[in-house]
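> Quick one: the structure is below, and I'll ask about it shortly.
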Amino acid sequence: MSRPKVELPPTITRKHPDGRVDNYNVHKIIGQGGFGTVFHITKLETNEEFALKVTPFEILKKPKLIKKHRMEIEIQRKLNHPNILKSYDNFEDSTYMYIVLELCPHRSVKHLLREKKLFTEIETASIIREIVNGLIYLHDNRIIHRDLKLENFLIGKDGH
């Protein structure tokens with residue numbers, strides 16, 4: 001089965017229940033996974049940059065999958081650790097579920113390894129230390145990450 005293509009307008013508007021409105025300029029696609037497409041976006045009101053993960057409801061056909069996806073979103077929103085990707089907001093329309101995430105412009109450890117070909121011992125130790133610190137935080141909060149792979153270890157603006 002092929003993944004449905006995610007097509008977004010140049011600007012996305014997020015209307016909060018309290019009446020506030022956030023407008024985002026949608027830039028290019030920066031990643032794709034099994035459940036979503038990730039876009040680089042800019043919040044118009046503040047010029048802050050984020051990543052926007054967009055998941056079509058078409059992929060989440062069963063109510064059980066939708067419930068599981070919403071639970072994962074809520075879990076991630078509550079996490080606060082320097083080695084865990086920050087989730088800022090989530091919303092949905094009739095077609096997609098959206099998650100506003102920390103932008104990791106340096107991509108993933110997998111991309112970095114492809115570019116460098118080899119990490120030094122010190123670089124490897126640093127990467128492993130940060131991954132383990134994040135995993136310890138998750139486990140301390142009774143969360144198990146079930147998809148550990150190099151492309152899921154993202155590198156933030158600060159290089160971590």
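The values are calculated or read from the model by the stated rules, or taken from the named source; none is laboratory data. Just so you know, these numbers come straight off a predicted model, no measurement behind them. Please note: Cβ atoms are built from the backbone with ideal geometry, for glycine as well, and neighbour counts cover all protein chains shown. For accessibility, only protein heavy atoms count, side chains too; no ligands or nucleic acids. Shrake-Rupley method; radii C 1.70, N 1.55, O 1.52, S 1.80 Å.
> Taking into account only those residues within the stretch 113-160 that are basic (K, R) and modelled with pLDDT of 90 or more, which is most open to solvent (accessible area, probe 1.4 Å)?
Out of the qualifying residues, it is R142.
> Which one of P82, P56, P4 is in contact (Cβ under 8 Å) with a residue 40 or more places away in the chain, closer than 28 Å to S126 by Cα and not small (G, A, S)?
P82
> Could you look through the stretch 21-58, keep only residues that are more than 22 Å from K149 (Cα to Cα) and not in a strand (DSSP E or B), and pick out the one that is least open to solvent (accessible area, probe 1.4 Å)?
F57
> Follow-up. Of all residues being hydrophobic (A, V, I, L, M, F, W, C) and surrounded by 11 or more Cβ atoms within 10 Å (Cβ to Cβ) in the stretch 1-20, which is farthest from D89 (Cα to Cα)? Just the residue, please.
So, considering only residues that are hydrophobic (A, V, I, L, M, F, W, C) and surrounded by 11 or more Cβ atoms within 10 Å (Cβ to Cβ), the one farthest from D89 (Cα to Cα) is V6.
> Which pairs have Cβ atoms under 6 Å, sit 6 or more apart or on different chains, and link a residue in the stretch 134-160 that is more than 14 Å from E102 (Cβ to Cβ) to one that is open to solvent by 70 Å² or more (accessible area, probe 1.4 Å)?
L138/H145
> Separate question: Check S94 against each of (1) of a type in the set (G, A, S); (2) farther than 30 Å from P17 by Cα; (3) exposed (fewer than 12 other Cβ atoms within 10 Å of the Cβ); (4) without any contact (Cβ under 8 Å) to a residue 40 or more places away in the chain and name the one condition it does not meet.
That leaves (2) as the condition not met.
> Got a number for residues in the stretch 59-83 being farther than 16 Å from E102 by Cα and not in a helix (DSSP H, G or I)?
Total satisfying the criteria: 4.
> To continue, here is another question. Given (1) in contact with a helix residue (DSSP H, G or I) (Cβ under 6 Å, 6 or more places away or on another chain); (2) surrounded by 15 or more Cβ atoms within 10 Å (Cβ to Cβ); (3) not hydroxyl-bearing (S, T, Y), identify the lone condition not met by H69.
Of (1) in contact with a helix residue (DSSP H, G or I) (Cβ under 6 Å, 6 or more places away or on another chain); (2) surrounded by 15 or more Cβ atoms within 10 Å (Cβ to Cβ); (3) not hydroxyl-bearing (S, T, Y), only one is false for H69: (1).
> Another question, if that's okay. Which one of the conditions (1) within 29 Å of N23 (Cβ to Cβ); (2) out of contact with any Ser or Thr (no Cβ under 6 Å at 6 or more places or on another chain); (3) hydrophobic (A, V, I, L, M, F, W, C) does L118 fail to meet, given that it meets all the rest?
L118 satisfies every listed condition except (1).
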